[in-house]
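Report on one structure; see the data block that follows.
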Amino acid sequence: MRRVLCVLLLLAWGGAASLSAQDPPVREGERNRGFKLEQNYPNPFNPETRIPFVLEEILFEDGERPIVSIRILNILVQFVASPVALRVPGSEQLPLLQVEYPAPGRYEAYWDGRDRNGNLVASGVYLVQLIVDGETDIMKMYVTK
């Protein structure tokens, strides 16, 4: 029952029209928050993927530096892992959790398809959650074996 409820909540939250691996999520009327989570690639993947995202200039106004985290969640919205930051000085090969970004631009994270215990995850639907200064965006991705 709990799993069915979680799936129904995810469909209502993410938009039932956005079930394809390549379709972007529906975000009608959404304000510009200064960041954008883009679809991971490849998708579906086995076992590794890259997760692109954009940090816009508005986040860096007045000398501010945004704090960014990316979390991989299972379909029950439980924490599975955190990918590593790519091309961020001082943060490479570290989990992308609470990382301060120095400049606007397009960035990527890398996930090797392993959970936080180092085990390869099972095939299925996973969620990638981008958190920038407390604001969140979520997208689906698919692991295939």
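Just so you know, all these numbers are worked out from the coordinates, no wet-lab data involved. All values derive from a computational prediction rather than experimental measurement. When we count neighbours, we look across all protein chains shown, and the Cβ atoms used for this are built from the backbone with ideal geometry, even at glycine.
Miscellaneous remarks
- Evaluating 6.51 cos²θ - 1.76 cosθ + 1.60 at θ = phi - 60° for every residue in region 86-98, the Karplus couplings come out as 10, 6, 10, x, x, 10, 5, 6, 9, x, 7, 10, 6 Hz, glycine and proline recorded as x.
- Computed FRET value (nearest 0.05) for Asp133 with Leu76, which takes r as the C-beta separation and R₀ as 25 Å: 0.40
- Here region 43-114 has an Rg and Dmax of 13.1, 42 Å, counting Cα atoms alone.
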